[in-house]
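First comes the structure, then the notes that go with it.
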Amino acid sequence: MSRVAAALAGVAPGEALREGGPAVAGARPDATVTPTSVEQLAGVLKVASAQGFGVVPVGGGTDPGPVPPLEPFVVLSTRGLRGVETYEPADLTMSAWAGTTLGEVGDVTGAHAQWLPFDPPSMPTRTLGGLAATGVRSPLCASYGAPRDHILGLTLVTGDGRVLRLGGRVMKNVAGFDLVKLLVGSRGTLGVVVSVTVRLFPRPEREVALVMEADRAEDLVAPARAVSTAPVLPASAVLAAGFRTTAAGGAARAASLVVRVAGAPRTVAADAARLQAHVGGSFRTVEGVEAAALFEDLRDHAAAGEAVVRMASLPASVGDLLAAVAAVPGPVHVLADAMAGTVRMAAEGLSGEAWAELRGVAARLGGGCVLERGPLELLDVPGASPDDSRVEALTSELRARFDPSGVLWRGRSP
Amino acid sequence: MVGRDHVITEAGRLLVYESDGLSAYRWPPRAVVLPASAEEASGVLRLLHAEGIPVVPRGAGTGLSGGALAPEGAVVVGTARMNRILAVDPPNRLARLQPGVLNTRLSDAARPFGLYYAPDPSSQAACTIGGNVAENSGGPHCLKYGVTSRYISGLTLAMVDGELVQIGGAGRDPEAGYDLVGLVVGSEGCFAMVVEVEVRLLPLPEAVRTLLGIFESVEDAARAVTAVIGEGLLPAALEIIDQGTIRAVEASVYAAGYPTDAGAALVVEFDGTQAGLDEDARRAEACCLAAGAREVRRARDATERLALWQGRKKAFGAMGRVAPDLLVQDATVPRTRLPEVLGRIGEISRRYDLTVGNVFHAGDGNLHPNILFDRRNREELERVEKASKEIMAVCVEAGGTITGEHGVGVDKRGYMRLVHGADEIEAMRGVKAVFDPRGLFNPGKVLPDEEAP
């Protein structure tokens, strides 16, 4: 038994602890722990802080990032903490354990015609804890808001094993500093989220997709921009390249603009007509199960590949980002969020030059460019990054407050 | 640095700054400085930091929890002159502005582009965006649209040592790094001074439908609210006004034609695409009638809409006229617990022989019990404090919290331990220390005193 596994045997009983386990971004853990109680989980972090080994919290494992943690470390899985704690449909709120998947949340809320309106890649296998830890943005955020806006409260175990109950279960809460916002998107660098309370929404009665296709993504930039400045806000609007909507009865063209319109039947028809009139081009309307399948395909488009890159800019610059990814050699899958001005691109192989070029474009636009997945060598390619030294200092001091021994996600910045 | 006229030290001119919307307190500041730009604010803070002088950032002073009160020896840095809208960017639906811009002025500036700024606190004609950022302000329409934090995409901060730091920004990757913007919004001026704000704007809704339900009791109105939500409807606003408040409004210059024998009135508003609104309004009306509404009025035009809103919007003003002082309380409970909590608030006010009027954002479960009193009557003031504390305890017991949108400030510090444990409060203290290690920013606010060991 490794030193690390031996140290943990005291806090995590037999079935919760196993030696080794799946690699994280190529790094091998000494052990994988799956606690079944908050006390056990806190015990693991206390032992790690005392003994000085690293801890990598993992939920659904859908979003591990390209940077391997420093060894030695253990993987701390939240999958032993699952299930709904409280669900009050009339309050539109739910509290559930962090290891509950978004698919499971959807099953429970769907029975009451409610939902958690997020659509990131691999949505059903992501966990609620992972949603809080990543704060992942997705196209529906354009109309519904982001995870940060709808996570009302969470329970956190800090790097040194303190259990903090942050936020609450009510829609509006300004009692003290908003540590929930600090935690959402902190990617496991401040603590391990063990329970989450979210705000839910009534599931729209009707949803349709307005689809426009073209041979080149650039031909759809103008209509996409028209949608994102239209007087009516769609549920989401994405521009996909390397995506064929044949499944939804469309021609096999290289690029598609898909606008999601949701609401009461009469509202949907009127909103669709207003968008059509504002954009001027002609959309094809896809409805029912076909529309649902299309939204699901789009959700996971551009998220699988040897290299996955996420770029951010302002909505008005989305055409510049699309041009930059179009210049990447080889076949690429691209999904642009026209409302947010962000682009996700998946490629089989990404050269150092192409990566540097993408980062240069993002820097010129004052935006962001992040490698979500890909070969580690790419991270060594220099790219322009703005001077944020005071922000970096604040970040590392905040981290030290929550994880004084520095055991969480060693080797990665949030 | 800012010009002699913009440094106030004369006792007479300081009077304006000795209190805010929490009228029971009077704390005169040592001085007031009014910078006109981020650079001037930075210079002022650098100087105060070098001298070790505590700082209280202040917007319009409309806050209701005492957040802008200056503790002994503190200097107020006001944003009254930082009142320029720097840019409205319709293609990206953003605006950049200085913190002293009034909330309604921002929407006025965006309207020609078909856009508006969604958060609309009741004091919106008087309060500043900087103050809204400090308090994470809400408003009647945040049921559908969310609170201030959802609309703040970037901030420029003057740190305690005067350094200017930009955080967030709509064009930056929102998933990279900690959400410092989210952390600073609602920090009540305890972390840094906000010197520039970037906000998201929304397209103006095509149409609005406003209903007013008249009920025999507050409980019936609260049941109607639950029914409307249960229908899967998402109104822009759901607001309840109780009998005491209706009578105060009707007795004032703001009289809105609400029946004074009614137990409660409920304002329901839908906005969005014209085509769906009549159906939404029809379903909400049915919910009100099923919950026992005596009548449901429907606004036919903008003038009638304003009339229906009048009783809600002018409630605080009308209540304020009835007694020398008004304590505007604020707490949130899960929406389904509203009827029970309202009943218990009524019982508490009777027991302490106080007049309490309830006006509240029912859709969010955000209560505003307003207690009338006269601060010159010490014995009554004590009863007000005791009743407030009990009301807070009832809300927390029901699964709620001690403030939904007004902040902790000075007023609620004593209640913080009702909702947070010692570890949580220490964690908040630790985060404050990261921004402000010497405790110079708005001292004595939000966090309770450290417990004796």
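The values are calculated or read from the model by the stated rules, or taken from the named source; none is laboratory data. As the structure is a computational prediction, the values presented were derived from the model and not from experiment. FYI the Cβ positions are ideal-geometry reconstructions off the backbone, even for glycines, and counts take in every protein chain you see.
All of A:D160, A:D149, A:D219 fail the test of being of a type in the set (D, E, K, R), within 18 Å of the chain's Cα centre (by Cα) and surrounded by fewer than 24 Cβ atoms within 10 Å (Cβ to Cβ), apart from A:D149. Quickly run through the stretch B:154-203 and pick out the residues that are assigned to a loop (DSSP other than H, G, I, E, B), charged (D, E, K, R) and within 20 Å of A:D178 (Cα to Cα). Matches in the stretch B:154-203: B:E175, B:D179, B:E188. If the condition is being surrounded by fewer than 21 Cβ atoms within 10 Å (Cβ to Cβ), touching a residue at least 60 places away in the same chain (Cβ under 8 Å) and within 14 Å of another protein chain (Cβ to nearest Cβ), then the stretch B:270-290 contributes B:D271, B:Q274, B:D278. Please enumerate the residues belonging to the stretch A:92-123 that are free of Cβ contacts under 8 Å to residues at least 60 places away in the same chain, more than 12 Å from chain B (Cβ to nearest Cβ) and in a loop (DSSP other than H, G, I, E, B). Scanning the stretch A:92-123 gives A:G99, A:T100, A:A111, A:F118.
From the residues in the stretch B:99-125 that are aliphatic (A, V, I, L, M) and not in a helix (DSSP H, G or I), which one is surrounded by the fewest Cβ atoms within 10 Å (Cβ to Cβ)? The selected residue is B:A125. I'd like to know if the stretch A:176-189 contains one or more residues that are outside any helix (DSSP H, G or I), facing another protein chain (nearest Cβ under 8 Å), of a type outside the set (D, E) and over 18 Å from the mean Cα position of the chain (by Cα). Taking every residue of the stretch A:176-189 in turn, at least one turns out to be outside any helix (DSSP H, G or I), facing another protein chain (nearest Cβ under 8 Å), of a type outside the set (D, E) and over 18 Å from the mean Cα position of the chain (by Cα). Please name all residue pairs, on different chains or six or more residues apart, with Cβ atoms under 6 Å, provided the first residue is in the stretch B:212-229 and is closer than 15 Å to B:V359 by Cα and the second residue is acidic (D, E). Listed pairs, sorted by first residue: B:I214/B:E295; B:V218/B:D242. Selection of strands (runs of 3 or more DSSP E) fully inside the stretch B:317-382 by the criterion of at least 1 residues being aromatic (F, W, Y) and more than 14 Å from B:A221 (Cβ to Cβ) returns B:369-373. Cβ-Cβ contacts under 6 Å between residues 6 or more apart (or on different chains), taken from a first residue in the stretch A:395-406 that is within 9 Å of chain B (Cβ to nearest Cβ) to a second residue that is part of a loop (DSSP other than H, G, I, E, B) and among the hydrophobic types (A, V, I, L, M, F, W, C), are listed as A:F402/A:L190. Restricting attention to the stretch A:253-279, and to residues there that are part of a loop (DSSP other than H, G, I, E, B) and away from chain B (no Cβ under 14 Å), which single residue is modelled with the lowest pLDDT? Per the stated criteria, the residue is A:R253.
Per-residue answers, yes or no, for (1) at pLDDT 95 or above; (2) out of contact with any strand residue (DSSP E or B) (no Cβ under 7 Å at 6 or more places or on another chain); (3) more than 14 Å from chain B (Cβ to nearest Cβ):
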{"site": "A:A302", "(1), (2), (3)": "no, no, yes"}
{"site": "A:A316", "(1), (2), (3)": "yes, yes, no"}
{"site": "A:G319", "(1), (2), (3)": "yes, yes, no"}
{"site": "A:L322", "(1), (2), (3)": "yes, no, yes"}
{"site": "A:G330", "(1), (2), (3)": "no, no, yes"}
{"site": "A:G352", "(1), (2), (3)": "no, yes, yes"}
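Filtered by the rule that a residue be at the interface with another protein chain (Cβ under 7 Å from one of its Cβ atoms) and in a loop (DSSP other than H, G, I, E, B), the stretch B:422-453 gives a lone residue, B:V446. Note on the stretch B:132-144: residues that are assigned to a helix (DSSP H, G or I) and facing chain A (nearest Cβ under 9 Å) amount to 3.
Within the stretch B:150-174, being within 7 Å of chain A (Cβ to nearest Cβ) and either under 16 Å from B:L97 (Cα atoms) or surrounded by 21 or more Cβ atoms within 10 Å (Cβ to Cβ) (or both) holds for B:V165, B:I167, B:A170, B:G171, B:R172, B:P174. Of the set (1) over 19 Å from B:I241 (Cβ atoms); (2) in a helix (DSSP H, G or I); (3) of a type outside the set (S, T, Y); (4) more than 14 Å from chain A (Cβ to nearest Cβ), all apply to B:R300 but (2). Evaluate the stretch B:71-90: report whether one residue or more is modelled with pLDDT of 95 or more and assigned to a helix (DSSP H, G or I). Yes, because at least one residue in the stretch B:71-90 is modelled with pLDDT of 95 or more and assigned to a helix (DSSP H, G or I).
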